[in-house]
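Colleague: This is the structure I want to talk about, given as structure tokens.
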Amino acid sequence: MTAFPTRFDKLENLRYLNLSEAGFTGQIPIEISRLTRLVTLDLSIDTLFRTPLKLEKPNLKTLVQNLTKLRILYLYGVNISAMGNEWCQALSPLTELQVLSMSDLIRLDRNNLSGLIPQFFTKFPNLTCLSLSSVNFSGPIPSFSSSINLRDLILALNQLNGTIHSTDWSGLSKLEIIGLGNNKLSGTIPPTLFGIPSLRTLSLSHNQFNGSIGDFHGKASSLINTLDLGNNMLQGQFPMFVFELHGLTSLNLSSNNFSGLIPVSAFQNLRNLSALGLSYNRWSIDATTINISSLSLPTLAELDLASCNLTEFPGFLKNRINLARLNLSQNFLVGFERPLKNITSSVEILDLHGNQLQGEIPILSNAAYLDYSNNNFNSVLPAQIGDSLQYAFFFSLSNNNIQGSIPESICNSKYLEVLDLSNNSLSGPIPQCLFQMNRSLGVLNLRRNNLSGIISDTSSKSCQLQTLNLNQNRLEGKVPNSLVNCKMVKLLDIGNNHINDSFPSHLKNIATGWQMLQILNLASNNFSGKLHLTCLRTWDAMQPNPDKNQSELQHLQCEDLRSGVKYQDAITITIKGLVLELVKIPTVFTYIDISCNNFEGPIPEVIGKFNALYSLNVSHNAFTGPIPSSFGNLLELESLDLSSNSLRGEIPLQLANLNFLSCPNVSNNKLVGPIPTITQLQTFSEASFENNAELCGPPLKTKCGLSPAKEDSPSDSETGSIIHWNHLSIEIGFLFPLKLNTLYSTIIQNLYKIKSTTH
């Protein structure tokens, strides 16, 4: 990566300048603005891998004001520092100078503009291609009816909303590509879109379109080769006109509300199909039709039929020797049949999770992604499994009944980023080499097995682990010192083992630690000693980030993996005696559970700085001293379990600040005095306060002899917060109080599985 060279202005006769992906960084030089004979200027850059170029000094106006012959302009990934209105002013005058009036192409993707799409873009009759993706534009799509020569219109990955009007597409007979995916467009899809005579690509995925797709028999453009309507709210029967599009190469109707029965044989006329996606609708795919094996789709490379009520592998797969991606997850497949054996040499991505498969584990030697989770496999891992996974970056066998040990050869999978063998019956030690792999490994999930031995102290200084979940095994020994190298860890769960250690001793004397840590579970081990303040102060993720957008529900997942794959974390948590399985964790969720150990000494006041914390469980230890008054700063706290310790003193009045606290438990301590006369605390059950010999007042039956003067505390009416009780699980019927106006309550209400009702 180097700075731009100077003296571009010496190339005064230059007509074509392409500096795209040339490795330059920084400010675009002003000398380019003096190349007045330029017809084409390409300054695009892929910001996924490089730092965006800058247009500050000179700015956009200075750069292009003298380029009066410019016809092609690429600014993909350029950071234009001007505000939207300044940006429009910079380009608008160029129409009078015929800078854009004769343009063939304008690309301004992935810059930092926002607001409405400027109307002046709609006024160029000679414009043939307009690409404004990833610009953060909002509002409705303007009419481009005046741009009669428009060939490509790409407005994907913005915040555009509203409906698409039928009349806006009249006269655009030359339009070949319409890319409006990943916006917030709604309403029905107008028939005029399909009828544009030159249309080849129509991409409307990841929007909010609804209604049915009409009968366009004989009306849709016969040139359509790509149709992507996935991830909307479309309904009705399969659009039969699709079978008339004989040039179709890619069809995606996944993740809608379509219904009915589709015979696979109906696709026999679409012999040019290379990608077919029908997953996650309400229809069923009939792959059992007579002579289905004779169906030939010679160019098919990607097939997504997840959740299509399949009971057997489609017979036509046996003819697929070039299939690269196959997703048959969440169906009712029982055994591996011949079709799958014929494609093992070509498939790179295979997703069969959520079926009823059993028998031997199929290992595909060229696969990069293998997901066999949630099936009925009960065999052992092949001894040379790692040699067969030499290209794999994702491998999951979670939620099966895999027996035996983890072979050492697994470490030969040198590209592996996600390894999930959780919820099986594996035994024996964890191969030490797995922890040496963490230069590539981002996720290691081995929870709920019968693994024994120690956790290897071999994590490298370049450790990339984001998730380490070893919960519910038979591991012993100490927490390895080298885990301090794993600075990216977000989820660390070694609960329910036989670890015998003090609080991670290697962290107590260092100023940096797990700054990204959001979930820590050390419960049900043999930890002892005090909690060290130095380590706790480094846990920045336990504190709220005011710049983080929490308006939309998102889930904690491992990102930034080199492969681009995203792994959805899942954990088991204990709240108020309920053991809950969270299969989707909100990104704002933070959790500390160090219960059922032998920790001692006072509970550190510094925990009161973790004001993003949702749940804190330090029960069943030997903590002494008072309840820290700093806990009044834990404004997001919903569950607090301090039970079964030796805590003394009174319950601090600062707990009145915890408007969302719905699960407090201070029972079985040595607390004294009256329970604060705070309406919220007194609504909880007596069990939350019992077995504190000198604690008195409601909800306990023990009356206080001399009550201190009542102090003013915020009431529900003053804070606007009311404790609500909602069903945690409609099927089971448990009641669980949660904060309705948080993302956490939203996800909990739609979860999950209750494993038991006792700790």
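Colleague: Which numbered condition trips up Leu160, out of (1) assigned to a loop (DSSP other than H, G, I, E, B); (2) under 28 Å from Ser44 (Cβ atoms)?
Modeller: Every listed condition holds for Leu160 apart from (1).
Colleague: Which of the residues spanning segment 590-617 are outside any loop (DSSP other than H, G, I, E, B) and touching an Asp or Glu at 6+ places or on another chain (Cβ under 8 Å)?
Modeller: Matches in segment 590-617: Ser615, Leu616, Asn617.
Colleague: Within segment 254-273, restricting attention to residues that are out of contact with any Asp or Glu (no Cβ under 7 Å at 6 or more places or on another chain) and of a type in the set (S, T, N, Q), which residue is surrounded by the most Cβ atoms within 10 Å (Cβ to Cβ)?
Modeller: Here the answer is Asn256.
Colleague: Here's a follow-up. Can you run down the residue pairs with Cβ atoms below 6 Å, 6 or more apart or on separate chains, where the first is in segment 430-452 and within 17 Å of Phe395 (Cα to Cα) and the partner is of a type in the set (Val, Ile, Thr) and at pLDDT 90 or above?
Modeller: That search, which allows pairs on different chains as well, returns Pro431/Ile406; Val443/Val418; Val443/Thr467.
Colleague: Just to be sure, is Ile385 touching a Leu at 6+ places or on another chain (Cβ under 7 Å) and hydrophobic (A, V, I, L, M, F, W, C)?
Modeller: Spelling it out, it is not the case that Ile385 is touching a Leu at 6+ places or on another chain (Cβ under 7 Å) and hydrophobic (A, V, I, L, M, F, W, C).
Colleague: Let me ask something else. Can you name the residue in segment 573-588 that is assigned to a strand (DSSP E or B) and either of a type in the set (A, V, I, L, M) or under 14 Å from Leu616 (Cα atoms) (or both) and is also farthest from the chain's Cα centre (by Cα) among such residues?
Modeller: Applying the filter and picking the extreme gives Leu578.
Colleague: Only one of these is modelled with pLDDT of 90 or more and touching a Cys at 6+ places or on another chain (Cβ under 8 Å): Leu671, Leu640, Leu647, Leu634. Name it.
Modeller: Leu640 is the lone residue from the list that is modelled with pLDDT of 90 or more and touching a Cys at 6+ places or on another chain (Cβ under 8 Å).
Colleague: Restricting the search to segment 638-666, which residues are in contact (Cβ under 8 Å) with a residue 60 or more places away in the chain and polar (S, T, N, Q)?
Modeller: Ser639, Asn659, Ser662, Asn665
Colleague: Given Ser405, Ser440, Ser452, Ser456, which one is assigned to a strand (DSSP E or B), surrounded by fewer than 20 Cβ atoms within 10 Å (Cβ to Cβ) and touching a Leu at 6+ places or on another chain (Cβ under 8 Å)?
Modeller: Going through Ser405, Ser440, Ser452, Ser456 in turn, just one is assigned to a strand (DSSP E or B), surrounded by fewer than 20 Cβ atoms within 10 Å (Cβ to Cβ) and touching a Leu at 6+ places or on another chain (Cβ under 8 Å): Ser452.
Colleague: Please pick out the residue among Ser629, Ser619 that is surrounded by fewer than 23 Cβ atoms within 10 Å (Cβ to Cβ), over 30 Å from Glu417 (Cβ atoms), hydroxyl-bearing (Ser, Thr, Tyr) and touching a residue at least 12 places away in the same chain (Cβ under 8 Å).
Modeller: Step by step, each of Ser629, Ser619 is checked, and only Ser629 is surrounded by fewer than 23 Cβ atoms within 10 Å (Cβ to Cβ), over 30 Å from Glu417 (Cβ atoms), hydroxyl-bearing (Ser, Thr, Tyr) and touching a residue at least 12 places away in the same chain (Cβ under 8 Å).
For every residue, the table says whether it meets (1) surrounded by fewer than 17 Cβ atoms within 10 Å (Cβ to Cβ); (2) part of a loop (DSSP other than H, G, I, E, B); (3) not hydrophobic (A, V, I, L, M, F, W, C).
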position	(1), (2), (3)
Leu635	yes, yes, no
Ser643	no, yes, yes
Phe660	no, yes, no
Asn668	no, yes, yes
Gly673	yes, no, yes
Ile678	no, yes, no
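Colleague: All but one of (1) outside any loop (DSSP other than H, G, I, E, B); (2) surrounded by fewer than 21 Cβ atoms within 10 Å (Cβ to Cβ) hold for Phe395; which doesn't?
Modeller: Unmet for Phe395, out of (1) outside any loop (DSSP other than H, G, I, E, B); (2) surrounded by fewer than 21 Cβ atoms within 10 Å (Cβ to Cβ): (2).
Quick grid of which residues meet (1) on the phi < 0 side of the Ramachandran plot; (2) in contact with a strand residue (DSSP E or B) (Cβ under 6 Å, 6 or more places away or on another chain); (3) modelled with pLDDT of 95 or more:
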position	(1), (2), (3)
Ser524	no, no, yes
Asp547	yes, no, no
Gln557	yes, yes, no
Lys566	yes, yes, no
Gly577	no, no, no
Glu581	yes, yes, no
Val618	yes, no, yes
Asn621	yes, yes, yes
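Colleague: Please go through segment 408-429 and give me each residue that is more than 28 Å from the chain's Cα centre (by Cα) and either assigned to a loop (DSSP other than H, G, I, E, B) or closer than 19 Å to Cys486 by Cα (or both), ordered by number.
Modeller: Selection gives Ser425, Leu426.
Colleague: Ok, one more. Check Gln682 against each of (1) assigned to a loop (DSSP other than H, G, I, E, B); (2) more than 32 Å from the chain's Cα centre (by Cα) and name the one condition it does not meet.
Modeller: Gln682 satisfies all of (1) assigned to a loop (DSSP other than H, G, I, E, B); (2) more than 32 Å from the chain's Cα centre (by Cα) except (1).
The values are calculated or read from the model by the stated rules, or taken from the named source; none is laboratory data. Quick caveat, the model's predicted, so the values are computed rather than measured. Heads up, the Cβs are rebuilt from the backbone with ideal geometry, glycines too, and the neighbour counts pull from every protein chain shown.
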